[in-house]
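The values are calculated or read from the model by the stated rules, or taken from the named source; none is laboratory data. Since we're looking at a predicted model, the values are computed, not measured. Here the Cβ positions follow ideal geometry from the backbone for every residue, glycine too, while neighbour counts run over all protein chains shown.
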Amino acid sequence: MTWTSPISSSNNDSSETGQGPRGSRPVSVAGSTDLIADPGLTKRLDSVRAGIADAARAAGRDDADITTIVVTKFHPAAVIRALSALGVRDVGESRHQEAQAKVAELAELDLNWHFIGQVQGKKARQVRAYANVIHSVDRVSLVDSLASPDTTVDCFIQINLTDDPARGGVNPADLSALVDRVQQSEGLRLLGLMAVAPLHAEPRRSFAYVRELSEGIRSAAPQATHLSMGMSQDYPAAILEGATHLRIGTAITGKRPEPVNLDREAQQHGGRHV
Ligand SMILES: *Cc1c(COP(=O)(O)O)cnc(C)c1O
């Protein structure tokens, strides 16, 4: 993995120009406290990086093929600034209003925004406007709302591995029809499949099943080879089963704050956070 830590290079002349390693981001300087990562954050990030490298080695995989998305839902924008200063490029959010506000506030940072929560049909176009990748495409009506003749957005189809429809994700029995719909729609590029391992099952078996589903759609969608799976508690198992996109929250950010109810929409989705 090629994480660049501006903290470790803070003695070089880049701090004088205010340019980060990529030339566009400010590095942490005294007085801008929200750019200085708390030591716990740095330590947890390092430890997850090491865990990913270990699991990749055990799986015989190159960890450069694995994108780590740091899930920052419910955390303030300052945490994302700190993560950015530590070299994080991919962040995940699950609530539209919160995500939209953070994207606007952090526009100057070089980040890829991954939307990983359920998308309401009437908010679909707004999510599409700021998300680089939408991980939660799970029904034909949403595909139709996201389609566009003008621009293309990357997406994953989310699989529901439980029998609770409220969890989001398409029932595996309906996957093939949904893949066809995405393939036929303008403005959506299908990267692959996404899933959350159910609580009371062995995660590796769940991830192996998603990998099999992914192989099953290969003829209909040859490009859809990616797998968004693996969270704080189960990412090593996901890496062993071929995950290309990990969505890791608490193992890096620490405990999530209580979600702030931004509006009625948040309340509708309240109490069911993964
Ligand atoms: C919150 C969330 C995560 C991250 O969960 P952690 O257990 O904190 O790593 C990953 N994926 C989805 C869909 C989530 O909602």
Looking at the structure I just gave you, is Arg81 touching a strand residue (DSSP E or B) at 6+ places or on another chain (Cβ under 7 Å), modelled with pLDDT of 95 or more and either away from the ligand (no atom under 16 Å from the Cβ) or farther than 15 Å from Pro236 by Cα (or both)?
no
Selection count, the range 215-253, where residues are without any contact (Cβ under 8 Å) to a residue 12 or more places away in the chain and among the aliphatic types (A, V, I, L, M)
0
Is the range 102-116 home to any residue that is over 23 Å from Gly254 (Cβ atoms) and under 17 Å from the mean Cα position of the chain (by Cα)?
yes
For residues that are among the polar types (S, T, N, Q), within 28 Å of Arg89 (Cβ to Cβ) and surrounded by 17 or more Cβ atoms within 10 Å (Cβ to Cβ), tally how many sit in the range 146-172.
1
Across the range 193-234, what is the total count of residues that are within 16 Å of the ligand (Cβ to nearest atom) and either under 21 Å from the mean Cα position of the chain (by Cα) or surrounded by 22 or more Cβ atoms within 10 Å (Cβ to Cβ) (or both)?
20
Look at the range 133-153 and say how many of its residues are within 16 Å of the ligand (Cβ to nearest atom) and outside any helix (DSSP H, G or I).
6
Count, please, the residues in the range 238-253 that happen to be within 13 Å of the ligand (Cβ to nearest atom) and either buried (at least 20 other Cβ atoms within 10 Å of the Cβ) or at pLDDT below 95 (or both).
9
Collect the residues in the range 161-192 that are more than 17 Å from the chain's Cα centre (by Cα) and assigned to a loop (DSSP other than H, G, I, E, B), keeping them in residue-number order.
Leu161, Thr162, Asp163, Asp164, Asn171, Ser185, Glu186, Gly187
Taking the range 211-229 and keeping only residues that are in contact with a helix residue (DSSP H, G or I) (Cβ under 9 Å, 6 or more places away or on another chain) and not polar (S, T, N, Q), one is left with Leu213, Gly216, Ile217, Ala220, Ala221, Ala224, His226, Leu227, Met229
Cβ-Cβ under 6 Å pairs, at least 6 apart or on other chains, the range 116-133 side touching a residue at least 24 places away in the same chain (Cβ under 8 Å) and under 18 Å from Met229 (Cα atoms), far side among the basic types (Lys, Arg) and within 16 Å of the ligand (Cβ to nearest atom):
Ile116/Arg247; Gly117/Arg95
Members of the range 85-99 found to be surrounded by 20 or more Cβ atoms within 10 Å (Cβ to Cβ) and more than 21 Å from Ser228 (Cα to Cα), listed by number
Ala85, Leu86, Glu98
